[in-house]
Amino acid sequence: MRLSRYFLPILKETPKEAEIVSHRLMLRAGMLRQEAAGIYAWLPLGHRVLKKIEQIVREEQNRAGAIELLMPTLQLADLWRESGRYDAYGPEMLRIADRHKRELLYGPTNEEMITEIFRAYVKSYKSLPLNLYHIQWKFRDEQRPRFGVMRGREFLMKDAYSFDIDEAAARRAYNRMFVAYLRTFARMGLKAIPMRAETGPIGGDLSHEFIVLAETGESAVYCDSEVLNLPVPGEDVDYDGDLTPIIKQWTSVYAATEDVHEAERFDREVPAERKLHTRGIEVGQIFYFGTKYSEAMKALVAGPDGVEVPIHGGSYGVGVSRLLGAIIEACHDENGIKWPEAVAPFRAAILNLKQGAAETDAACEQLYRELIAKGVDVLYDDTDQRAGAKFATADLIGIPWQILVGPKGLADGTVELKRRADGSRENVALAEAVARLT
Ligand code: ATP
Ligand code: MG
Ligand code: MG
Ligand code: MG
């Protein structure tokens, strides 16, 4: 992509309405535009990151055996009357009427709809286990939408739903999602800690929230700092095998949200120097809720003995759009964003430090062509801004690798390769710069 032809509306001023650094940086970097309270347009740079995050979530869901489908954003109120949640949900639900005065709602979650789909087709235990997910926009009319994508009203969520014949099988499904979540967040460069959590309006008796520690987070949490050092399972993890040793390892170290915190146990189990009482950002939550929806909505399957039983369910959410904010909170400095490579909008930026000079233009064009040919996502700053402004833009938008192309270096056949993560710079030959990035 040539920056001269891209749409990257960088803001010079720090927007006053943004209270936390991730929101400020997303606005300044031209990623996001607020259209109404808690409702955003995703500008090209933000959209690129959103898609990268979504794809990591998708790959790890698929690896764990979940199957992707896509449900609509609008749902019939009657469906929610079956579970009893239409009245229970309260003012967070956006209720809509169509021209025939039929009652609809913009889905805040999809337990009812997925249960309706399941019961229409699945009749036997032989079709289980089954885990279906989608990545779809949700609407919750939050009382206080704030902090940009962290607490939007319209936001992108991955939600998966598992169906099993009994509790033991459902717990295995829960464990698979637990491990998939460990891997998902680690791939994005985040330390997200699974913490015991309250189940809330979804119901059930087993739940973990995945929390990224941050002062700006809205959840108060308690944990043993040891949990930060636990190993994340590799991509060779066997989802068909026994995952309980991994789950045991992660759940035997104290980590709990404020709602379920046990002060006495915390004091007893965690040495003083390892006690962490801090705040965090909820980037995902997993639930086992048993037969709550299947009983209410008659999602029954025949067991091996032919007797029909309600299936045991779980649901598993990831805040895909919230993750952009969480990653920026964890990865930034005073100059801007430092995207982890896995989610960066572009992997590399070429900075032409003397636009219009024959040698720098030629070298940049060559680098640009070669990187594209090798499949590297590259942004070429070919604008006629001065060098200082180009440095500032590249740092602000957080491109992991910057290739600085100036007349001095080119005289020796070199360019400068700068790593955004630690600011380190190195002079390398042109061909070497391409080789490093491929
Ligand atoms: P919160 O406690 O922050 O209100 P929640 O517990 O109500 O979130 P869940 O029902 O568990 O949310 O939804 C799954 C995930 O969706 C959450 O873990 C979070 O990452 C994300 N999420 C929930 N509400 C919002 C929101 N208003 N804006 C952005 N992401 C959200
Ligand atoms: Mg909520
Ligand atoms: Mg919550
Ligand atoms: Mg939650």
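The values are calculated or read from the model by the stated rules, or taken from the named source; none is laboratory data. Since this is a predicted model, take the numbers as computed values, not measurements. So basically every Cβ, Gly included, is an ideal-geometry build from the backbone, and we count neighbours across all protein chains shown. What goes into the accessible areas is simple: the full protein's heavy atoms, side chains included, and nothing from ligands, DNA or RNA. Shrake-Rupley method; radii C 1.70, N 1.55, O 1.52, S 1.80 Å.
A few notes on this one:
- Taking region 238-282 as the range and being part of a strand (DSSP E or B) and not acidic (Asp, Glu) as the test, the residues that pass are Ala255, Ala256, Thr257, Lys275, Leu276, His277, Thr278, Arg279, Gly280, Ile281.
- Within region 112-158, considering residues that are among the aromatic types (Phe, Trp, Tyr) and touching a Phe, Trp or Tyr at 6+ places or on another chain (Cβ under 8 Å), the one nearest to Gly65 (Cα to Cα): Tyr133
- Residue match in region 61-68 (condition: open to solvent by 70 Å² or more (accessible area, probe 1.4 Å), modelled with pLDDT of 95 or more and among the aliphatic types (A, V, I, L, M)): yes
- Wholly enclosed strands (runs of 3 or more DSSP E) of region 120-237 bearing at least 2 residues within 19 Å of Glu258 (Cβ to Cβ) and among the aliphatic types (A, V, I, L, M): 192-196, 206-213, 219-224
- Residue within region 317-340 that is within 16 Å of ligand 2 (Cβ to nearest atom), closer than 30 Å to Tyr125 by Cα and in contact with an Asp or Glu (Cβ under 9 Å, 6 or more places away or on another chain) present: yes
- Which listed residue is within 16 Å of ligand 2 (Cβ to nearest atom), within 23 Å of Gly325 (Cα to Cα) and either buried (at least 17 other Cβ atoms within 10 Å of the Cβ) or not aliphatic (A, V, I, L, M) (or both), from Ser219, Ser207: Ser219
- Residue that is nearest to the chain's Cα centre (by Cα) [pool: residues in region 415-428 that are assigned to a strand (DSSP E or B) and surrounded by 19 or more Cβ atoms within 10 Å (Cβ to Cβ)]: Lys418
- Test: Glu154 is charged (D, E, K, R), touching a helix residue (DSSP H, G or I) at 6+ places or on another chain (Cβ under 8 Å) and within 16 Å of ligand 1 (Cβ to nearest atom): no
- Residues satisfying the stated conditions in region 283-312, i.e. part of a strand (DSSP E or B), more than 16 Å from ligand 2 (Cβ to nearest atom) and on the phi < 0 side of the Ramachandran plot: Tyr288, Phe289, Leu300, Val301, Ala302, Glu308, Val309, Pro310, His312
- Some residue of region 104-118 being loosely packed, with under 13 Cβ neighbours inside 10 Å and more than 16 Å from ligand 2 (Cβ to nearest atom): no
- Here Val232, Val237 are screened, and the one residue that is open to solvent by 60 Å² or more (accessible area, probe 1.4 Å), of a type in the set (Val, Ile, Thr) and closer than 27 Å to Pro129 by Cβ is Val232.
- Boolean, Glu282 is open to solvent by 20 Å² or more (accessible area, probe 1.4 Å) and either more than 16 Å from ligand 1 (Cβ to nearest atom) or of a type in the set (A, V, I, L, M) (or both): no
- Only one entry of Arg48, Arg85, Arg146 meets the criterion of being within 16 Å of ligand 3 (Cβ to nearest atom) and touching a residue at least 24 places away in the same chain (Cβ under 8 Å), and that entry is Arg146.
- Number of residues in region 340-354 that are within 19 Å of Gln385 (Cβ to Cβ) and among the hydrophobic types (A, V, I, L, M, F, W, C) equals 6.
- Index of the failed condition, Glu269 passing every other in (1) under 27 Å from Phe118 (Cβ atoms); (2) surrounded by 13 or more Cβ atoms within 10 Å (Cβ to Cβ); (3) of a type in the set (D, E, K, R): (1)
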